[in-house]
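Q: This is the structure I have questions about; it appears just below.
The values are calculated or read from the model by the stated rules, or taken from the named source; none is laboratory data. Only a predicted model underlies this, so the values are computations on that prediction, with no experimental measurement involved. Please note: Cβ atoms are built from the backbone with ideal geometry, for glycine as well, and neighbour counts cover all protein chains shown. Side chains included, ligands, DNA and RNA excluded: accessible areas come from the protein's heavy atoms. Shrake-Rupley method; radii C 1.70, N 1.55, O 1.52, S 1.80 Å.
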Amino acid sequence: PDQNLNGVRDDIETWINSQPITEVQKKAAIQSAQALQKTLLVELTDKVALQAVGDDLMLATACLSDAYMPTYQESFKLSSRIEALTANTKERTMRYIQYNRARSGSTTKAPKNYTCP
């Protein structure tokens, strides 16, 4: 469930909010969770929608990395944990695999001149 309709499952949002990280890092983590949740919901035959989700993921990665500067490597650990929580059932894992298959061979550029939450 997502009671507040912010695009993040409540269990993931609760987990993020319980972490001993700054508010900026929490906002970036929520953005990452929102982008990852979209991978489970996007229409897999819609190339434009798939590209938009890929772009959202790249932006979320950049913002999370920025939030952890200068120790941006820590953002990768948090991102990996959010990814694991997002795909924490067989059905979700299979859907995430299908998303990645649908994106296979596509490219996404790192965002430029972006604004983070």
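Q: Quick one: how many residues across the range 50-74 are open to solvent by less than 30 Å² (accessible area, probe 1.4 Å) and either over 20 Å from P117 (Cα atoms) or over 15 Å from the mean Cα position of the chain (by Cα) (or both)?
A: Keep residues of the range 50-74 that are open to solvent by less than 30 Å² (accessible area, probe 1.4 Å), which gives 50, 53-54, 60, 62-65, 67-68.
Next cut, either over 20 Å from P117 (Cα atoms) or over 15 Å from the mean Cα position of the chain (by Cα) (or both) only: 50, 68.
Total satisfying the criteria: 2.
Q: Considering the range 3-45 alone, what residues qualify as being over 17 Å from Y96 (Cβ atoms) and either in a loop (DSSP other than H, G, I, E, B) or within 11 Å of the chain's Cα centre (by Cα) (or both)? Steps first, please.
A: First pass over the range 3-45, keeping only residues over 17 Å from Y96 (Cβ atoms): 3-6, 10, 13-31.
Result: Q3, N4, L5, N6, Q19, P20, I21, T22, A28, A29, I30, Q31.
Q: Do we find a residue being basic (K, R), open to solvent by 60 Å² or more (accessible area, probe 1.4 Å) and part of a loop (DSSP other than H, G, I, E, B) anywhere in the range 108-115?
A: Looking only at the range 108-115, we keep the residues that are basic (K, R), and these are 109, 112.
Adding the requirement that they be open to solvent by 60 Å² or more (accessible area, probe 1.4 Å) leaves 109, 112.
Adding the requirement that they be part of a loop (DSSP other than H, G, I, E, B) leaves 109, 112.
Within the range 108-115 (the criterion being basic (K, R), open to solvent by 60 Å² or more (accessible area, probe 1.4 Å) and part of a loop (DSSP other than H, G, I, E, B)), the answer is yes, since at least one residue qualifies.
Q: Report, ordered by the first and then the second residue, all pairs with beta carbons closer than 9 Å, sequence separation of six or more or different chains, a first member in the range 55-77 that is under 13 Å from A110 (Cα atoms) and free of Cβ contacts under 8 Å to residues at least 60 places away in the same chain, and a second member that is open to solvent by 80 Å² or more (accessible area, probe 1.4 Å) and among the basic types (K, R).
A: Listed by first residue and then by second, the contacts come to D55/K109; D56/K38; L57/K38; M58/K109; C63/K27.
Q: Does T39 satisfy being modelled with pLDDT of 95 or more, surrounded by fewer than 16 Cβ atoms within 10 Å (Cβ to Cβ) and farther than 23 Å from N113 by Cβ?
A: Details: modelled with pLDDT of 95 or more: yes; surrounded by fewer than 16 Cβ atoms within 10 Å (Cβ to Cβ): no; farther than 23 Å from N113 by Cβ: yes.
Answer is no for this residue.
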